[in-house]
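Data first, discussion second: the structure below is written as structure tokens.
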Amino acid sequence: MNALRAYDIHIVGLDNKRHEYDFTSDDAFFAALDQDLIEKGNVHTHLLLDKSETMIRLDFQIKGTVGQVCDRCLDDYDEPVDIRHTMLLKFGDHNEELTDEIELIERHTATINVARYIFEFISLSLPMKRLHPRFRTEEDSDDDDQNGKVIYRTDAEADDVDEQQQDIDPRWAALRKLNDN
């Protein structure tokens, strides 16, 4: 947890204006978090903190690379990361996450730790299908697109299907109507 102390921002003494912070996250950062998604990486975060009487606006700009394992060949590779994300912390009487971008924090909160936000933004930016860059070609993306295409039938094929549906038991036809919805 000591590696995450570097991500503490003391907001009690901050003036109501814009402040800038820079953080570098390396392998120790990802090891300090209790997670298995990312084991290594080198990421630089530039944070603009805009404090007002009622809220704190956090503008994150995160760039770097994180280590991933290819789902196809199990080789390690570096996935580039380039993220811009905004988080709003509104002052209230209790702590609560209202949406993904808005949280309530107690008015007398002394310190906020931005390590959790940085990790969440990085992990959400990673692709679901982890492919080594040597497998990322336009041919692969075309194959994936073909699986989702709708293929239209010709009029003759549609007539054949209509004739088959007329021969179906009416009880099954009623169930098919439910399925079509």
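The values are calculated or read from the model by the stated rules, or taken from the named source; none is laboratory data. Predicted model, so just to flag it, every value in this text is computed and none were measured. So basically every Cβ, Gly included, is an ideal-geometry build from the backbone, and we count neighbours across all protein chains shown.
Output yes when any residue across the range 4-23 is of a type in the set (Val, Ile, Thr), over 20 Å from the mean Cα position of the chain (by Cα), closer than 23 Å to Asp100 by Cα and not in a helix (DSSP H, G or I), and no when none is. Full working, then the answer.
Narrowing the range 4-23 to residues of a type in the set (Val, Ile, Thr): 9, 11-12.
Adding the requirement that they be over 20 Å from the mean Cα position of the chain (by Cα) leaves 9, 11-12.
Add one more test, that the residue is closer than 23 Å to Asp100 by Cα, and what stays is 9, 11.
Add one more test, that the residue is not in a helix (DSSP H, G or I), and what stays is 9, 11.
So far as the range 4-23 goes, yes, one or more of its residues are of a type in the set (Val, Ile, Thr), over 20 Å from the mean Cα position of the chain (by Cα), closer than 23 Å to Asp100 by Cα and not in a helix (DSSP H, G or I).
Within the bounds of the range 114-123, is there any residue that is modelled with pLDDT of 90 or more, among the small types (Gly, Ala, Ser) and outside any helix (DSSP H, G or I)?
We begin by selecting, within the range 114-123, every residue modelled with pLDDT of 90 or more; these are 114-123.
From the residues that got through so far, the ones that are among the small types (Gly, Ala, Ser) too are 115, 123.
Then drop every residue that is not outside any helix (DSSP H, G or I), which leaves none.
Within the range 114-123, none of the residues are modelled with pLDDT of 90 or more, among the small types (Gly, Ala, Ser) and outside any helix (DSSP H, G or I).
Kindly indicate which of Ile38, Ile62 is closer than 19 Å to Val81 by Cα, touching a residue at least 60 places away in the same chain (Cβ under 8 Å) and outside any loop (DSSP other than H, G, I, E, B).
Unique residue meeting the criteria: Ile62.
For the range 65-99, which residues satisfy the criterion of being surrounded by fewer than 16 Cβ atoms within 10 Å (Cβ to Cβ), farther than 30 Å from Lys51 by Cβ and touching a strand residue (DSSP E or B) at 6+ places or on another chain (Cβ under 9 Å)?
Residues satisfying the conditions are Thr65, Gly67, Val69, Asp75, Asp76, Asp78, Pro80.
Working only within the range 103-119, note down all residues that are surrounded by fewer than 14 Cβ atoms within 10 Å (Cβ to Cβ) and either in contact with a Ser or Thr (Cβ under 9 Å, 6 or more places away or on another chain) or not hydroxyl-bearing (Ser, Thr, Tyr) (or both).
Glu106, Arg107, His108, Ala110, Arg116
Residues His94, His85, His108, His132: which one is modelled with pLDDT of 60 or more and touching a helix residue (DSSP H, G or I) at 6+ places or on another chain (Cβ under 6 Å)? It would help to see each step written out before you state the result.
Working: His94 fails: touching a helix residue (DSSP H, G or I) at 6+ places or on another chain (Cβ under 6 Å); His108 fails: touching a helix residue (DSSP H, G or I) at 6+ places or on another chain (Cβ under 6 Å); His132 fails: touching a helix residue (DSSP H, G or I) at 6+ places or on another chain (Cβ under 6 Å).
After applying the criteria, what remains is His85.
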